[in-house]
Amino acid sequence: MNSTISTLALRHICRHYMQGGQRLDVLKGADLTIAPREVVALIGPSGSGKTTLLQIAGLLDLPNSGEIVLDGQKCHLADDELRTSLRRDYLGFVYQYHNLLPDFDALENVVLPQLIAGKSFHQASEKAAWLLNKLGLSKRLHHRPAALSGGEQQRVAIARALANTPKLLLADEPTGNLDPKTSVQVFQALLDIVKGTGLSALIATHNLDLAAQMDRQVQLKDGQLSDVLSPKKPVNRSFY
């Protein structure tokens, strides 16, 4: 695959919903391009449509109009089977709530998606242990979620999202459910491993200090995306 091809391109994405007989326009021609190895922060007011944009980028929802292009492949017209395959092989997801399987330990939670993708148990276990070690959980591999702190659970969720070596990581407020200190620690672990493995990422966050650590920030407002100031410059926090 040509390395000059963008990891993700969203072209004039429009998405509306019907509520009580009224049309609600959430995305109104949103455009976004993410380059290989680029980590982009997605910021914007609550209710601006960040989750909708991430769901469309992750092929979990379809736009009413516009194009979704992943690694040069147009996906907005793909059938369910192809979109499922692309999500499994190409994308990784981290949500605000970890959604770990409670009856499996940390290692097993990271092993399972790899088994589904066709890896052997030995390969999957080695990759899971490596990821969890990178995220500072080498001594917690065999603890179930109930025995882990909130920050540890979210680190397991990050490892799970990276287990199948996606090209693009999509994260929706991945530290939004954590206390400020833990939030910083978990985010730094996420950023370190994403940059260390050369992934592209689109990370929605309300924390502008964390957003400033990424390569670029885009703001979603009034249904459209726009680049914001360099992280080294003051950022307008008024909409928070």
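Mind checking the per residue accessible area of the range 148-205 for me, 1.4 Å probe, whole number of Å²? If you can, show how the numbers build up before the last one.
On the way: 1800 Å² over 58 residues.
For the range 148-205, the solvent-accessible area averages 31 Å² per residue.
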Counting C-alpha atoms alone, how compact is the range 71-190: give Rg to one decimal and Dmax as a whole number, in angstrom. 14.6, 45
Rg over Rh [alpha-carbon atoms, Kirkwood Rh] for the chain: 0.97
For the range 79-177, size of Cβ-based charge dipole, Lys and Arg +1, Asp and Glu -1, in debye: 360 debye
In the chain the accessible area split gives carbon plus sulfur, as whole percent at 1.4 Å, a share of 51 percent
Consider just the alpha-carbon atoms of the range 124-209 and return their Rg together with their Dmax, both in angstrom. 12.4, 36
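Only sites in a loop by DSSP and with at most 15 other Cβ atoms within 10 Å count here; which trypsin sites (Lys or Arg not before Pro) in the range 84-188 make the cut?
Details: sites: ARG87, ARG88, LYS119, LYS127, LYS134, LYS139, ARG140, ARG155, ARG160, LYS167, LYS181; in loops: LYS119, LYS139, ARG140, LYS167.
Those that pass, being in a loop and sparsely packed, are LYS139.
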Extension length gain for HIS12 and ASP61 (0.36 nm per residue less Cα distance), in nm, is 16.1 nm
Does the range 51-97 classify as rounded, prolate or oblate by the C-alpha gyration tensor (a ≥ b ≥ c root eigenvalues; a/c under 1.5 gives rounded; else a/b over b/c gives prolate, otherwise oblate)? oblate
Using unit Cβ charges (K, R positive; D, E negative) and no other charged atoms, how large, in debye to the nearest 20, is the dipole of the chain about its Cα centre? 420 debye
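What dipole magnitude, in Debye to the nearest 20, does the range 21-69 give about its Cα centre under +1 on Lys/Arg Cβ and -1 on Asp/Glu Cβ?
Numbers: 4 positive and 5 negative charges, 24 e Å.
About 120 debye.
The values are calculated or read from the model by the stated rules, or taken from the named source; none is laboratory data. Everything numeric in this text was worked out from a predicted model, so none of it was measured. Neighbour counts run over all protein chains shown; Cβ positions are idealised from the backbone, glycine included. Protein only, heavy atoms only, side chains kept; ligands, DNA and RNA dropped before computing areas. Shrake-Rupley method; radii C 1.70, N 1.55, O 1.52, S 1.80 Å.
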